[in-house]
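Written out below as structure tokens is the structure these notes cover.
What follows draws every value from the coordinates through simple rules; no lab data is involved. None of these values were measured; they are calculated from a predicted model. Here Cβ is always computed from backbone atoms with ideal geometry, including for glycine, and neighbour counts include all displayed protein chains.
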Amino acid sequence: MAKITREDVAYVASLAQLSLTPEVQERLLKEMGDILQYMDKLNELDTAGIEPTMHALAMTNVFRDDVVGPSLDREHALMNAPKTDGEYFLVPKILDTE
């Protein structure tokens, strides 16, 4: 049976950058212990011959195939842009490249 200590809870809290009250630490100690106990119980199951899966249900790709189609001409695409140079959208500089 996996055993979790107060130090383990404090370590996990520090990784998550959490400041926990003693009451919350006590509650997490019990909850994390229960989770590990459940994992121990699951580890007792015989999973030989069972294929590992990522999901409980079979997943299929729901995306359509990419198909080349007509696109906007440049003049139409730039028509409502606040600023252009006739060829590209002009946007304010946000990065200092020096």
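Among the residues of the range 33-51, is any surrounded by 10 or more Cβ atoms within 10 Å (Cβ to Cβ), β-branched (V, I, T) and farther than 30 Å from K93 by Cβ?
yes
Just checking, which of L72, L18, L29 is surrounded by 10 or more Cβ atoms within 10 Å (Cβ to Cβ) and in a loop (DSSP other than H, G, I, E, B)? Break it down into steps so the answer makes sense when it comes.
Numbers: L72 fails: surrounded by 10 or more Cβ atoms within 10 Å (Cβ to Cβ); L29 fails: in a loop (DSSP other than H, G, I, E, B).
Being surrounded by 10 or more Cβ atoms within 10 Å (Cβ to Cβ) and in a loop (DSSP other than H, G, I, E, B) holds for just one of L72, L18, L29, which is L18.
Do we find that V24 is assigned to a helix (DSSP H, G or I) and of a type in the set (V, I, T) in this structure?
On the way: assigned to a helix (DSSP H, G or I): yes; of a type in the set (V, I, T): yes.
So V24 fits the description; yes.
Would you check which residues across the range 43-69 are more than 26 Å from A10 (Cβ to Cβ) and either assigned to a helix (DSSP H, G or I) or hydrophobic (A, V, I, L, M, F, W, C) (or both) and list them? Before you say what the answer is, go through the steps one by one.
As a first pass, look at the range 43-69 and keep what is more than 26 Å from A10 (Cβ to Cβ): 44-69.
Listed by number, the residues that qualify are L45, A48, I50, M54, A56, L57, A58, M59, V62, F63, V67, V68.
Could you identify the single residue in K93, K30 that is under 30 Å from S14 (Cα atoms) and basic (K, R)? Reasoning before the result, please.
Numbers: K93 fails: under 30 Å from S14 (Cα atoms).
Unique residue meeting the criteria: K30.
Among the residues of the range 87-98, are any exposed (fewer than 10 other Cβ atoms within 10 Å of the Cβ), outside any loop (DSSP other than H, G, I, E, B) and at negative phi? Let's see the steps before the verdict.
Start the filter on the range 87-98 by keeping residues that are exposed (fewer than 10 other Cβ atoms within 10 Å of the Cβ), which leaves 87, 91-98.
With outside any loop (DSSP other than H, G, I, E, B) added as a condition, the list becomes none.
No, the range 87-98 contains no residue that is exposed (fewer than 10 other Cβ atoms within 10 Å of the Cβ), outside any loop (DSSP other than H, G, I, E, B) and at negative phi.
Please specify each residue of the range 36-89 satisfying the condition of being under 25 Å from the mean Cα position of the chain (by Cα) and among the hydroxyl-bearing types (S, T, Y).
Scanning the range 36-89 gives Y38, T53, T60.
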